[in-house]
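Reading through the structure tokens given below for one structure.
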Amino acid sequence: MTELERHTYDVVVIGAGGAGLRAAIEAREQGKRTAIVCKSLFGKAHTVMAEGGCAAAMGNANSNDNWQVHYRDTMRGGKFLNNWRMAELHAQEAPDRVWELETYGALFDRTPDGRISQRNFGGHTYPRLAHVGDRTGLELIRTLQQKIVSLQQEDFRETGDYEANLKVYGECTVTELLKDGDAISGAFGYWRESGRFILFDAPAVILATGGVGKSFKVTSNSWEYTGDGHALAMRAGATLINMEFIQFHPTGMVWPPSVKGILVTESVRGDGGVLKNSEGKRFMFEYVPDVFRAQYAETEDEADRWYKDPDNNRRPPELLPRDEVARAINSEVKAGRGTPHGGVFLDVSSRLPAEEITRRLPSMHHQFKELADVDITAEPMEVGPTCHYVMGGVEVDPDTAQSVVPGLFAAGEVAGGMHGSNRLGGNSLSDLLVFGRRAGMGAAMYVDSLQGRPKIAEEDIDTAAAEALAPFELEGGENPYTIHQELQQSMNDLVGIIRKEEEMEQALGRLAEFRGRIAKMTVEGHRQFNPGWHLALDLRNMLTVSECVAKAALQRQESRGGHTRDDYPGMNAEWRKLLLVCSLDADHAVNVVQKDQIPMRDDLLELFELDELKKYLTEEELPAHD
Ligand code: FAD
């Protein structure tokens with residue numbers, strides 16, 4: 001019998017970013033004993049790094065904004081592949097979630113008349129991102145943590161125990177979900193410091209583990225983004241959708257090599273920054289695709305006028321959705337018009353006074369000064385695409401966030417559907433607040449509906465423990481660091497921003513080799529804080545998600561959002577009707593099958609002009625629209 005500590009809860013939330021914290025607050029407010037488990041330090045989730053802001057159609061900066069406009073922008077950004085119900089709930093509920101944060105103690109930047117200020121971002125028709133300088137994620141996490149502390153103080157007054165109903169398990173990694181028959185019964189993991197095992201007995205688990213960027217070499221993502229939640233869900237029998245869609249943010253740092261990939265926020269462009277090639281040309285005007293032509297400026301004069309008079313001018317093409325800008329930068333560099341370090345120039349220094357730059361973009365100013373010795377108030381930055389966000393994730397019911405596995409819920413970046421083939425900037429922070437809350441409610445409702453509590457079998461615990469210890473059992477195998485580096489390089493080179501059939505076939509060959517090598521890898525030392533062992537366990541997950549990305553990308557024979565095929569360059573309306581659904585078979589091999597999208601509800605379809613729908617829908621779908 002495995003030696004471990006055991007805890008019993010109603011709801012276990014895995015992940016302490018925005019989605020996890022909001023879900024936990026909701027579950028606790030619904031009266032459920034709730035645990036929050038996170039593998040990083042409490043407070044150091046990815047959400048903390050969010051810079052630009054949280055998209056919500058509050059209409060503070062432009063009163064024409066409303067949820068319908070936000071819905072339209074989100075669907076356009078995702079090239080109509082989004083789960084439309086999720087996009088609808090998101091657009092409708094985001095303003096309330098932002099207001100709610102202020103009731104928890106958040107303080108967003110203000111307009112001159114004291115309302116929450118909202119800034120421009122790519123793909124958003126109106127200034128829509130509620131923000132705190134370029135440190136919005138920090139305020140979001142700080143506030144959610146403050147709310148958790150206030151709930152714990154409430155619990156202390158009633159029970160004498162701060163952690164009676166809401167407890168945080170920091171630096172604790174979950175490696176397996178456990179089930180009783182079809183239904184979730186708990187989660188198994190280990191303390192990172194001691195290596196000792198821990199078991200959570202709970203009928204409901206909410207995954208809020210974030211993304212998968214660490215499978216790629218150049219990424220804005222930090223060490224936690226190893227696709228754990230995606231892989232845990234699959235091993236528990238859940239399905240993933242949209243895994244072929246990876247967002248390459250157009251502006252990551254390209255120099256020096258040690259910081260390659262670190263994000264340069266879109267706010268730089270939202271606040272007036274422009275992209276130029278080595279010839280000094282503002283090249284984005286050459287890259288406006290037909291579907292967006294009507295909404296974007298054709299001349300530099302018109303683009304520049306838009307910043308002061310957005311009602312009478314069209315937007316600058318630097319503010320196209322991220323997939324378009326990333327591809328354009330890629331093309332300029334390939335055509336030999338890149339910067340000395342293989343990017344393009346992002347210039348804000350010639351556009352805004354120095355004091356304005358340091359006021360609006362303090363983190364960017366600091367980041368470039370410290371990491372690249374570049375003063376962005378005086379010279380342009382060098383930037384290029386970086387793997388940033390995974391649109392794909394656990395297939396969930398939009399209203400309750402429940403996966404196909406009873407008792408398993410997912411919210412935030414680990415969930416799929418909301419963003420379709422491409423996420424708009426700012427729509428992640430709002431997504432994780434809206435669906436974090438819904439996941440907390442869904443899990444609480446599920447627990448209430450149960451007749452009996454699912455049980456955990458001892459042999460399942462032993463199996464989970466044996467799997468976790470397997471890397472110590474073998475001698476003479478490879479170390480996980482080498483395999484990780486090669487995996488990242490392969491994904492970057494072969495399933496990256498521009499994809500080709502033969503390269504993806506090659507990637508799948510390499511992934512099959514990695515599978516064999518991972519099964520035989522060796523970890524030195526013992527269980528006390530052993531990063532090699534931690535990476536070994538994470539590698540299994542990275543391999544699974546990489547297989548999903550590569551297999552789905554190979555199947556989808558079109559280019560759309562975060563999936564660009566050199567051999568199928570156009571969007572294909574027939575493919576828009578299809579989702580690619582990933583699952584694991586008994587041998588843990590990834591299967592990908594096609595599934596029909598549910599057609600959009602008529603009242604939502606009517607929010608679009610017929611001419612626009614013609615760009616996305618098939619001939620057969622159109623007649624249904626009056
Ligand atoms: P996270 O905040 O990443 O939290 C994941 C949690 O899961 C962490 O606590 C982690 O420790 C835990 N975890 C993972 N695996 C395990 C495991 N096995 N066991 C236990 N715990 C685990 N979006 C916007 O909308 N606006 C922005 O301005 C913006 N700026 C960004 C800037 C940067 C630099 C980056 C990288 C992203 C940005 N994004 C932005 C995207 C956004 O920050 C993320 O998509 C979002 O924060 C994800 O939140 P989450 O709650 O889903 O996950």
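Does region 148-165 contain at least one residue that is under 24 Å from the mean Cα position of the chain (by Cα) and not hydrophobic (A, V, I, L, M, F, W, C)? Checking region 148-165: not a single residue is under 24 Å from the mean Cα position of the chain (by Cα) and not hydrophobic (A, V, I, L, M, F, W, C). For region 452-465, the criterion of being among the basic types (Lys, Arg) and within 10 Å of the ligand (Cβ to nearest atom) is met by no residue.
Any idea which residue in region 1-39 is farthest from the ligand (Cβ to nearest atom), counting only those that are surrounded by fewer than 20 Cβ atoms within 10 Å (Cβ to Cβ) and under 17 Å from PHE188 (Cα atoms)? Residue satisfying both the conditions and the ranking: MET1.
Go through region 480-522 residue by residue and tally those that are part of a loop (DSSP other than H, G, I, E, B), out of contact with any Cys (no Cβ under 9 Å at 6 or more places or on another chain) and within 18 Å of ARG556 (Cα to Cα). Don't jump to the end; show me each part of the working.
The first filter runs over region 480-522 and keeps only residues part of a loop (DSSP other than H, G, I, E, B), leaving 495-498, 500, 520-522.
Okay, now just the ones that are also out of contact with any Cys (no Cβ under 9 Å at 6 or more places or on another chain), so 495, 498, 500, 520-522.
Now restrict to residues that are within 18 Å of ARG556 (Cα to Cα): 495, 498, 500.
Matching residues across region 480-522 total 3.
Looking across region 350-394, the residues that are more than 15 Å from GLY252 (Cα to Cα), of a type outside the set (A, V, I, L, M, F, W, C) and surrounded by 19 or more Cβ atoms within 10 Å (Cβ to Cβ) come down to ARG360, GLY392, GLY393.
Return the only residue of ALA106, ALA61 being away from the ligand (no atom under 16 Å from the Cβ), assigned to a loop (DSSP other than H, G, I, E, B) and of a type in the set (Gly, Ala, Ser).
Every option except ALA61 fails the conditions.
Restricting attention to region 64-86, the residues that are among the polar types (S, T, N, Q) and either surrounded by fewer than 22 Cβ atoms within 10 Å (Cβ to Cβ) or near the ligand (Cβ under 9 Å from one of its atoms) (or both) total 3.
Taking strands (runs of 3 or more DSSP E) that do not extend beyond region 188-298, which have at least 3 residues that are away from the ligand (no atom under 11 Å from the Cβ) and of a type outside the set (Gly, Ala, Ser)? Walk me through how you get there before you give the answer.
Values: elements: 197-201, 204-207, 246-253, 274-276.
The strands (runs of 3 or more DSSP E) meeting that bar are 197-201, 246-253, 274-276.
The numbers here are math on the coordinates, done by the rules we state, and not lab data. Values in this document were obtained by computation on a predicted structure and should not be read as measured data. Positions of Cβ are generated from backbone atoms using ideal geometry, with glycine treated the same way; all protein chains shown enter the neighbour counts.
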